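Here the structure is laid out as structure tokens; the discussion comes afterwards.
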Amino acid sequence: MTTSELTRPRAPERAPESKASRRRVMGAGKQMHAGPLTYVVLTVFAVGSLAPLVWTAIAASRTSQRLAEAPPPLWFGGNLFKNLETAWEQAGLGTAMLNTTLVAGTITVGTVLFSTLAGFAFAKLRFRFSSVLLLLTIGTMMIPPQLAVVPLYLWMSDLNWSNQLQTVILPTLVSAFGTFFMRQYLVQALPSELIEAARVDGASSVRIVWHVVFPAARPAMAVLGLLTFVMAWNDFLWPILALNQQNPTVQVALNALGTGYIPDQSVIMAGALLGTLPLLIAFLLFGKQIVGGIMQGAIKG
């Protein structure tokens with residue numbers, strides 16, 4: 001053996017791989033497949049989720065006398081369209097649908113816009129007392145909304161906004177949950193280097209928000225918009241106090257179907273079905289984009 005071979009450093013020996021590590025490496029590129037138990041669990045959850053909607057449709061197609069009998073009906077009857085027409089006329093759902101679309105749409109746009117701007121400020125901008133303001137914003141989520149009903153009602157009365165749609169829109173244009181949700185998303189999805197590069201290129205703050213922040217936050221904005229729209233559409237407590245039957249939202253209008261000495265349960269169910277259909281149609285039309293936005297946000301995060 002030569003001197004050079006004796007002085008040459010030896011390469012470190014590789015530790016022997018365990019069986020578990022070899023199995024992880026071999027299975028890294030394989031796609032996971034669901035087993036029979038997975039399909040059974042998903043089927044049970046799907047049936048449980050659809051059961052209330054199906055029962056509402058069955059009850060809306062029957063008469064109130066049949067619903068009071070035992071056992072209850074388990075299949076559709078022949079009075080569906082008659083009960084839908086009766087509920088539409090008695091509750092005045094035409095005006096209510098237009099009002100609710102305007103209210104829910106305005107609240108959704110305002111909440112998504114303001115929450116994205118506030119979330120971006122808390123996530124990427126540095127200013128004094130930002131942590132304190134964020135804690136105060138989160139703290140408002142712990143206050144029961146029922147505590148604000150009386151002062152809010154007095155405030156709207158002083159503004160002479162009783163029985164007007166802005167009474168329902170204004171208090172919910174900003175959401176503490178939306179601000180926190182967008183802040184948590186933008187912390188991970190929006191690199192600070194991207195903002196600094198835009199500033200170096202001479203972009204103004206408005207241009208950075210429009211061309212950098214909004215595209216990066218689009219998946220979270222879609223999810224927040226869906227949640228906000230559903231919440232605004234189904235809101236009942238504040239609209240029933242602020243509005244009346246002359247200028248109602250859908251939930252306020254449906255409340256009129258339950259009045260009377262003996263309310264017609266089949267007509268009430270028909271009204272509830274009519275109030276649910278716009279949400280189902282919206283999800284069928286935009287569900288693919290919303291789910292795609294959720295998946296895109298999960299991959300980026």
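Brief remarks follow.
- Residue pairs whose Cβ atoms lie under 6 Å apart, sitting 6 or more positions apart in sequence or on different chains, and linking a residue in the range 223-250 that is without any contact (Cβ under 8 Å) to a residue 60 or more places away in the chain to a partner that is in a helix (DSSP H, G or I), are F236/Q251; I240/V252.
- First in the range 151-174 and closer than 13 Å to D235 by Cβ, second anywhere and among the aromatic types (F, W, Y), Cβ under 6 Å, 6 or more apart: T167/W161
- Any hit, the range 198-210, residues being surrounded by fewer than 20 Cβ atoms within 10 Å (Cβ to Cβ), touching a residue at least 60 places away in the same chain (Cβ under 8 Å) and not basic (K, R): yes
- Filtered by the rule that a residue be more than 25 Å from L277 (Cβ to Cβ) and either within 20 Å of the chain's Cα centre (by Cα) or of a type in the set (F, W, Y) (or both), the range 36-58 gives a lone residue, Y39.
- Annotation: of all residues in the range 110-132 being touching a residue at least 12 places away in the same chain (Cβ under 8 Å) and under 19 Å from V168 (Cβ atoms), the one that is most open to solvent (accessible area, probe 1.4 Å) is F114.
- Helices (runs of 4 or more DSSP H) (entirely within the range 207-278) containing at least 3 residues that are more than 19 Å from the chain's Cα centre (by Cα): 237-242, 250-255
- Members of the range 35-89 found to be among the aromatic types (F, W, Y) and loosely packed, with under 11 Cβ neighbours inside 10 Å, listed by number: Y39, F45, W75
- Residues being farther than 30 Å from A198 by Cβ, among the acidic types (D, E) and in a helix (DSSP H, G or I) are represented in the range 77-85 by at least one member.
- Residue identified as hydroxyl-bearing (S, T, Y) and either at positive phi or open to solvent by 50 Å² or more (accessible area, probe 1.4 Å) (or both) among S192, S175: S192
The values are calculated or read from the model by the stated rules, or taken from the named source; none is laboratory data. Worth saying up front: this structure is predicted, and the values here are computed from it rather than measured. Because the Cβ atoms are built from the backbone with ideal geometry, glycine has one as well, and the counts that use them run over all protein chains shown. All accessible areas refer to the heavy atoms of the entire protein, side chains included, with ligands and DNA or RNA removed. Shrake-Rupley method; radii C 1.70, N 1.55, O 1.52, S 1.80 Å.
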